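K.L.:
Below is a structure I'd like to ask you about.
Just so you know, all these numbers are worked out from the coordinates, no wet-lab data involved. None of the values given here were measured: they were computed from a predicted structure. Backbone-built Cβ (ideal geometry, glycine too); neighbour counts: all protein chains shown.
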Amino acid sequence: MELKYLETFKTIIEIGSFTQAAQKLNYTQSTITFQIGQLERELSTKLFEKIGRNMVLTKAGEQLIPYVYEVLQSVNKLHYFENDLAQCQGDLHIGSGETLLCYLLPTVLKEFHQIAPKSRLFLCSMNCYKIRNDLLDGKLDIGIFYKDVDGFGSNLMTHELGKYSLSLIASPNLAKIYNDFITNDQNIPLPFIIDEPNCIFRQIFEQYLRKKSIRLDHTIELWSIPTIKNLVMNDVGVSYLPTFTIKDELNNNKLVEIPTEVENSTITAVCAHHKNKWISPLMKLFITLCKKHFK
């Protein structure tokens, strides 16, 4: 159905005649008649009937009016969609993995608040599985996490933000002594300092250790990446983290990367939302900025 037919119908209703509608829309009388005829054919009903010299709305035509106004109002909103970005207002509920929130999202958040100062972000550091489930349950607007959790089904729309390498790290002192994480069947007297059990990169490395039959002394479980890094830098143990989280420490030789044979040594960050979620200007802005700054 052509939108211009609906616009013509609306103009006739507002002005009161085919002739005046043609003048306002800069159409010929025959064009107006043709468009209304096409609309009637598509709807399989008569919208106007001739009484004397006048074209008068039928009952079906009267019933159509609110639908036409609703459609054209929605189209008008779409026309101003981009311009509305500068006037973004409202709330946005976002769940993010800690590593992404701590190291990659700050530049996104800075520009977001510059563009949309009237908005309110409700931001929460969450486990990736929890983010996935809350998106599926409609509790979050947007999730920033690692798609390696899987289980999206067809209900989540994802925007890939980038692939990131993972690194086994130790302090320079410990790396000189314990630098073999490749030989099978080892007992290494070091603790593994890492995030909670559902942490994606923890699961990847623990699977590698099982495959290699490499046993570490014990696990120190923390929920803070900066704390994990500090303990590793102070010779407490080893950790396995996204490389972007320890880039500065590697460059300053405060941490050292230890070689491994982990087959899948990358994780993929995504920005996701439920497929049925309306993408408001606020959501669109946030997703656009994530794509811009992550890459």
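K.L.:
Where in region 11-52 does the amide nitrogen come within less than 11 Å of the point 7 Å from the Cα of GLN63, taken along Cα to Cβ?
P.N.:
45-46
K.L.:
Over the Cα atoms of region 3-79, how large are the radius of gyration and the largest Cα-Cα distance (Dmax), in Å?
P.N.:
Computed over the Cα atoms of region 3-79, radius of gyration and Dmax are 12.1, 41 Å.
K.L.:
What is the Cα centroid distance between region 193-256 and region 1-68, reported in whole angstrom?
P.N.:
70
K.L.:
OK, next. Give me SER96, SER44, SER125 ranked fewest to most by other Cβ atoms within 10 Å of their Cβ, as a rough exposure proxy.
P.N.:
Lowest count first: SER44, SER125, SER96.
K.L.:
At a Förster radius of 25 Å, what calculated FRET efficiency corresponds to the Cβ-Cβ distance of THR183 and ASN264, to the nearest 0.05?
P.N.:
Once the sixth-power term is evaluated, E becomes 0.80.
K.L.:
Per residue of region 279-290, in order, report the coupling 6.51 cos²θ - 1.76 cosθ + 1.60 (Karplus, θ = phi - 60°) as ³J(HN,Hα) in whole Hz, putting x for Gly and Pro.
P.N.:
7, 5, x, 5, 5, 4, 4, 5, 5, 4, 5, 4
K.L.:
Can I ask one more? Restricting to the chain, what percent of DSSP beta bridges are antiparallel, rounded to 5?
P.N.:
Given both bridge residues lie in the chain, the antiparallel proportion sits at roughly 55 percent.
K.L.:
Give the longest segment of the chain that steers clear of GluC sites (Glu not before Pro) in DSSP loops with at most 13 neighbouring Cβ atoms within 10 Å, not counting the sites themselves.
P.N.:
Result for the longest clean stretch: 83-260.
K.L.:
Please check: in the Gaussian network model of the chain (C-alpha springs, under 10 Å), which one of GLY90, GLY16, GLY153 has the largest mean-square fluctuation.
P.N.:
Maximum fluctuation in the GNM of the chain, among the listed residues, is at GLY16.
K.L.:
Remind me, relative contact order of region 163-295 in percent, using alpha carbon pairs under 8 angstrom and six or more residues apart?
P.N.:
Normalised by residue count, the contact order of region 163-295 is 39 percent.
K.L.:
Quick one: dipole size for the chain, taken about the Cα centre, charges +1 on Lys/Arg Cβ and -1 on Asp/Glu Cβ, in debye to the nearest 20.
P.N.:
880
K.L.:
Now for a separate question. Most mobile of ASN173, ASN54, ASN234 per a Gaussian network model of the chain (Cα springs, under 10 Å)?
P.N.:
Most flexible of the set in this elastic network: ASN54.
K.L.:
At 222 nm, what value in deg cm²/dmol follows for the chain if DSSP H runs of at least 4 each add -39500 (n - 2.57) and the sum is divided by all its residues, to the nearest 500?
P.N.:
Result for the chain: -13500 deg cm²/dmol, rounded to the nearest 500.
K.L.:
In µm²/s, what is D for the chain at 37 °C and 0.692 mPa s, where D = kT/(6 pi eta Rh) by Stokes-Einstein and Rh is the Kirkwood radius from Cα pairs?
P.N.:
D = 139 µm²/s.
K.L.:
Please arrange SER224, SER154 by counting, for each residue, the other beta carbons lying within 10 Å of its beta carbon, fewest first.
P.N.:
SER154, SER224
K.L.:
Summarise the long-distance tail of P(r) for region 110-190 by giving the % of C-alpha pairs beyond 21 Å.
P.N.:
Summing the P(r) tail past 21 Å for region 110-190 gives 56 percent.
K.L.:
Moving on to the next point. Please tell me the relative contact order of the chain in percent, rounded to the nearest whole number, where contacts are Cα pairs under 8 Å and at least six residues apart.
P.N.:
Result for the chain is 22 percent.
K.L.:
Can I ask one more? With a 10 Å Cβ neighbour count serving as the proxy for reagent exposure, in which order, fewest first, do LYS163, LYS24 appear?
P.N.:
Lowest count first: LYS163, LYS24.
K.L.:
I'd like the FRET efficiency for SER154 and ASP235, computed as 1/(1 + (r/R0)^6) with the beta carbon distance as r and R0 of 41 Å, rounded to 0.05.
P.N.:
Working from the Cβ atoms, E equals 0.30.
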